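Working notes, structure below.
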């Protein structure tokens, strides 16, 4: 029974999840107990007291029984108190942030998630966290309501446009866990998925330095494209030649650009690198100097990816 | 048809028989009491309908206290106070009309109904002047219409959204009230109402007092609070 | 006819009520020129409630009517207060976030979170509160 | 059973009088009628039609979910389909189902009244229902809605589609619901038969009374909410929309202030039917009459202070989460009392397992599961995990369908002879009940497991690991559908037969069984005078089986 019951819950990813499961089992067995009593009698009585052929229809005249009625008023009431307090205590645990928690900023939009880490790095699709470190997620939404749901941690929170909400968890199991969007948000609601990857400290250090492990096997162009899509480049730089707040990437590679300060230069590896790290240095003529710096928030491998990506935009 | 039937059932009081008693009620009193319960229940729904706006008002007020402070200076509290007086007077004449119906004083009934209707119209005329003043300043409800250019605190358009929604819904209730009052007036001329049957006057009275009662809250909330 | 007492002439009572209501209107307007600080709303709502009770009890006959009607009407007020009360309680206590068991910490956390987010760069990630429609 | 009833049937049919069905057969006689029985029957027709539409949509949803990815429709269509399924079932079917259709028919009869207090208002509320239904159908035709039946902002203020028209439809339907509620309360207060005190009323009346209280108190709030939503969409009020200073969570407060009590608008009448059916078929007095009566009222009142349990993860404050969680458990207690009292009513009874009783027993089992799974969702921390997953879907289907719909079917079978004067085929009814019971459990028990494993609701596509359970669930929906089609078959077939129902086919004690089946237009020849409390079987001739 216990084995089966455990199989109806997701993998356990934290101590909190284990606490919730214990509570869940308690409520389950409590419910089962009451269901057996009520359901059992609801089936047994009709059989036992079935009107048999030849029998008169005269039944017992029992209008009430004070003791019984008190019994099934008071006992459930007491149990409800227990359930409430247990539920409340375990609930607070999911929203009580330990002092040394690592803060990760989560942003939901139709229909993906992006994550920003304390060191300024960011990424989408997978949330990387170190093992046994308390994590505080600070979350908001760009458009409509979403909900950030990690079944393995048994936590969930709606993310709301215009406001920050948070929740916390401490992963105690290494591995990859599913993340869902649980608040209906339109067409691709069911596709708004992400993964949670829990790494040990050594792996996490490597991640901090070199980015996600899959970068090693990824085409640099693809890395660039991911950055382009998830780090906000696309809101100013188009790929189809339309003029935004910044020059379009279409055909920009190798072009000679006039700069606002009167100089000119060719768009090459060094220029792109400089534009990303010191965007105000050489602004293309006709554009406002509005681009923020990505100094410290893009890894070298990611800048290389962007260069490869822009190279490919013919 | 029901008159005879009621006497048969022995529940009718001969003095209170009226041609307007419906067949499924045993007595006119039963009918009047049922109608009154119905009316009070309807008033409950009115309170909760306005209630939604009051809750919205309360929360927006809590969110933009500064805007509320500065926005309500655009309202003319003299006009608001005038309208309060007009409505209170109309409430008085309404209750007098109900009493007149109860006491079989037809002329007094008709006179009081007329004064009530006239007060209601005065209320709407004053409201018209207030609205047109806001219209010219661009102090209109909702983001889509609000076009006031003067100095202002963020959130002022919220105040005007609520001002127009609340007074607008209230105004609709006044309009509806006038329509029903006219119908009651017509029946009063026809002599339908006697001490045995005056339920419609009684009911419109209750409705009219509720409209007054809501205004009693709207006036300080919109015009006075700073 | 619901209560036979009401078949008497009550003109004086009604006129007196009207007079009281008008005086109270004057008081509430006058009171609005004084600043009672945060009690402004309370004062205004208190006077309004006195006026409303007069209208309900006397003009709407609740004083002499069957009690069921008074129960019905009071019910609407009770449920409206529940609606308003819970919504206000939520919004009031929302800004406080919990960092320990049942200890509520003011603003700080949220402000820090905001600062952090503002500081972190990417374009298009401006805080949504600052977005204008 | 046929033998038992035979001589009664003949006795009854010998001097049958013109009943309400045959009293004026023209279309105008129906459209302008103020007879509560005819209005009830017209409601019944449209409500069953809505149930059919909602049911077909449900079958389409289940079929789409048979496999991950596209099975029969694309994501946008799917979103519209589940929205409509919810909106049609909630606003057009369940809310009016028992009060407006069965309640309209039975309530005045039970009270010994000739009609409801305001017959014209009753007809008006029927036409308002039709108007609201037309607006919702208009919304379907003009592009549909994809917000979910909850219309959460800011999605609902920003999406395309006929949200405003649907909202206006809901607003209109609200008036219908309010007027029915007002009518019933006034009727119960003022039109009880001589001798019928509050505690001599049948428990069905108590249930409907509590329902009506909720309808009157809560429905205006959904009305104003829908108006505000429409205005927000059209012009931007800035109360719900965060882009202009609003608060999307506030919308949820507004919405659930109505919609949680509305859950009890749905279930209380269902409980009310069960309180009639169980004593009748146990041929025994109800156990704990006052407990059941007061718990109905208690549920109605407490239902207004628990709405926040729909919003534990919504971003409302943690303090209020705790308050709402605590209050939520309170509502479970009166429901528990009712269930125990029903079970106790069967103790030492003389039970006949006719169709209504079979449905009532199904109700007991299914509603108990629905109620007990509510404990999981009321517990704050477990709800954080289960909120917006299939667990919630399964839970409310157990309450709404296993509870209300099954109770509606019990009531339909119970009063069918009274409404139409015909008996239906008991054997087919038993088969249909069994199919529905098995089909229902297959469909929704699996969804509890899907939910506890983390499958979120309103998902068009899903991970492969959930496929097997989704498949069972879909199979279940087919069994369920088969049960309903069988039921439609034998009920319609019975209408073609002769009017053979006796005055009191089940041995009921309430007043509706003391007039002819179907009743005459004015219900009773003489005003019935109550001689003893309902469910008192001591004074009733005890026939032999």
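Of all the residues in segment A:269-294, those that are farther than 15 Å from residue A:253 by Cα and in contact with a strand residue (DSSP E or B) (Cβ under 7 Å, 6 or more places away or on another chain) number 3. Every residue in segment D:446-479 that is in contact with a helix residue (DSSP H, G or I) (Cβ under 9 Å, 6 or more places away or on another chain), away from every other protein chain (no Cβ under 13 Å) and more than 21 Å from residue D:56 (Cα to Cα), please. Hits for segment D:446-479: nothing passes. For segment A:98-124, filtered to residues that are in contact with a strand residue (DSSP E or B) (Cβ under 6 Å, 6 or more places away or on another chain) and away from chain C (no Cβ under 13 Å), the residue that is modelled with the highest pLDDT is A:113. Being crowded, with 19+ Cβ neighbours inside 10 Å, out of contact with any helix residue (DSSP H, G or I) (no Cβ under 6 Å at 6 or more places or on another chain) and part of a helix (DSSP H, G or I) is the filter here, so list the residues in segment D:501-528 that pass it. Answer for segment D:501-528, where residues must be crowded, with 19+ Cβ neighbours inside 10 Å, out of contact with any helix residue (DSSP H, G or I) (no Cβ under 6 Å at 6 or more places or on another chain) and part of a helix (DSSP H, G or I): just D:513. Of the residues in segment D:292-309, none is in a helix (DSSP H, G or I) and at the interface with chain A (Cβ under 9 Å from one of its Cβ atoms).
Selection of segment C:32-53 for residues being touching a helix residue (DSSP H, G or I) at 6+ places or on another chain (Cβ under 7 Å), over 16 Å from residue B:214 (Cα atoms) and within 8 Å of chain B (Cβ to nearest Cβ) yields only C:32. Which fully enclosed helices (runs of 4 or more DSSP H) of segment B:22-110 have 3 or more residues being within 14 Å of chain D (Cβ to nearest Cβ), surrounded by fewer than 20 Cβ atoms within 10 Å (Cβ to Cβ) and out of contact with any strand residue (DSSP E or B) (no Cβ under 8 Å at 6 or more places or on another chain)? Because the criterion is at least 3 residues that are within 14 Å of chain D (Cβ to nearest Cβ), surrounded by fewer than 20 Cβ atoms within 10 Å (Cβ to Cβ) and out of contact with any strand residue (DSSP E or B) (no Cβ under 8 Å at 6 or more places or on another chain), the helices (runs of 4 or more DSSP H) in segment B:22-110 that meet it are B:28-63. Residues that are away from every other protein chain (no Cβ under 13 Å), loosely packed, with under 15 Cβ neighbours inside 10 Å and without any contact (Cβ under 8 Å) to a residue 12 or more places away in the chain do not occur anywhere in segment A:301-314. Going by the conditions given, is residue D:367 touching a helix residue (DSSP H, G or I) at 6+ places or on another chain (Cβ under 7 Å), crowded, with 24+ Cβ neighbours inside 10 Å and either closer than 30 Å to residue A:147 by Cβ or within 7 Å of chain A (Cβ to nearest Cβ) (or both)? Considered against the rule, which asks whether it is touching a helix residue (DSSP H, G or I) at 6+ places or on another chain (Cβ under 7 Å), crowded, with 24+ Cβ neighbours inside 10 Å and either closer than 30 Å to residue A:147 by Cβ or within 7 Å of chain A (Cβ to nearest Cβ) (or both), residue D:367 comes out as yes. For residue A:131, the conditions (1) surrounded by fewer than 18 Cβ atoms within 10 Å (Cβ to Cβ); (2) within 13 Å of chain D (Cβ to nearest Cβ) all hold with the exception of (2). Can residue C:68 be described as closer than 30 Å to residue B:60 by Cβ and either surrounded by 13 or more Cβ atoms within 10 Å (Cβ to Cβ) or at pLDDT 90 or above (or both)? No, not satisfied.
Residue A:272 satisfies every condition listed in (1) in a loop (DSSP other than H, G, I, E, B); (2) crowded, with 17+ Cβ neighbours inside 10 Å except (1). The condition (being on the phi < 0 side of the Ramachandran plot and crowded, with 23+ Cβ neighbours inside 10 Å) is satisfied by just one residue among A:101, A:122: A:122. Just give me the residues in segment A:275-291 being within 14 Å of chain C (Cβ to nearest Cβ), more than 31 Å from the chain's Cα centre (by Cα) and not in a loop (DSSP other than H, G, I, E, B), in sequence order. Across segment A:275-291, the qualifying residue is only A:275.
Listed here are the residues, each with its yes/no results for (1) without any contact (Cβ under 8 Å) to a residue 12 or more places away in the chain; (2) more than 8 Å from every other protein chain (Cβ to nearest Cβ).
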site	(1), (2)
A:49	yes, no
A:79	no, yes
A:82	yes, yes
A:90	no, no
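Apart from one condition, residue A:79 fits all of (1) crowded, with 16+ Cβ neighbours inside 10 Å; (2) at pLDDT 90 or above; (3) not in a helix (DSSP H, G or I); the exception is (3). Among (1) within 10 Å of chain A (Cβ to nearest Cβ); (2) buried (at least 24 other Cβ atoms within 10 Å of the Cβ), where does residue D:353 come up short? So residue D:353 meets the others, but not (2). The condition (being under 18 Å from the mean Cα position of the chain (by Cα), closer than 14 Å to residue B:57 by Cα and crowded, with 23+ Cβ neighbours inside 10 Å) is satisfied by just one residue among B:223, B:217, B:163: B:163. Once segment B:88-110 is narrowed to residues that are under 19 Å from the mean Cα position of the chain (by Cα) and free of Cβ contacts under 8 Å to residues at least 24 places away in the same chain, the residue that is nearest to residue B:153 (Cα to Cα) is B:92. Do we find that residue C:20 is more than 7 Å from every other protein chain (Cβ to nearest Cβ) and either farther than 22 Å from residue B:39 by Cα or touching a strand residue (DSSP E or B) at 6+ places or on another chain (Cβ under 9 Å) (or both) in this structure? In short, yes.
Residues checked against (1) crowded, with 21+ Cβ neighbours inside 10 Å; (2) in contact with a strand residue (DSSP E or B) (Cβ under 7 Å, 6 or more places away or on another chain); (3) touching a residue at least 60 places away in the same chain (Cβ under 8 Å); (4) in a helix (DSSP H, G or I):
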| residue | (1), (2), (3), (4) |
| --- | --- |
| D:20 | yes, yes, yes, no |
| D:23 | no, no, yes, no |
| D:60 | no, no, no, yes |
| D:69 | no, no, yes, no |
| D:79 | yes, no, yes, yes |
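Restricting attention to segment B:7-21, the residues that are crowded, with 21+ Cβ neighbours inside 10 Å and either out of contact with any helix residue (DSSP H, G or I) (no Cβ under 9 Å at 6 or more places or on another chain) or modelled with pLDDT under 60 (or both) total 1. Which condition number does residue A:297 fail, the rest of (1) in contact with a strand residue (DSSP E or B) (Cβ under 7 Å, 6 or more places away or on another chain); (2) over 18 Å from residue A:125 (Cα atoms) being met? Going through (1) in contact with a strand residue (DSSP E or B) (Cβ under 7 Å, 6 or more places away or on another chain); (2) over 18 Å from residue A:125 (Cα atoms) one by one, residue A:297 breaks only (2). Applying the set (1) in a helix (DSSP H, G or I); (2) within 30 Å of residue D:245 (Cα to Cα); (3) free of Cβ contacts under 8 Å to residues at least 40 places away in the same chain to residue D:160 leaves exactly one unmet item: (1).
Evaluate the following for residue A:188: is it more than 25 Å from residue A:102 (Cβ to Cβ), under 16 Å from the mean Cα position of the chain (by Cα) and either within 14 Å of chain D (Cβ to nearest Cβ) or without any contact (Cβ under 8 Å) to a residue 24 or more places away in the chain (or both)? Judged against the criteria, residue A:188 is a match. Taken together, A:249, A:294 contain a single residue that is assigned to a loop (DSSP other than H, G, I, E, B) and under 15 Å from residue A:310 (Cα atoms), which is A:249.
The values are calculated or read from the model by the stated rules, or taken from the named source; none is laboratory data. For clarity, every value in this text was computed on a predicted model and none was experimentally measured. Cβ atoms come from the backbone with ideal geometry, glycine included; neighbour counts cover every protein chain shown.
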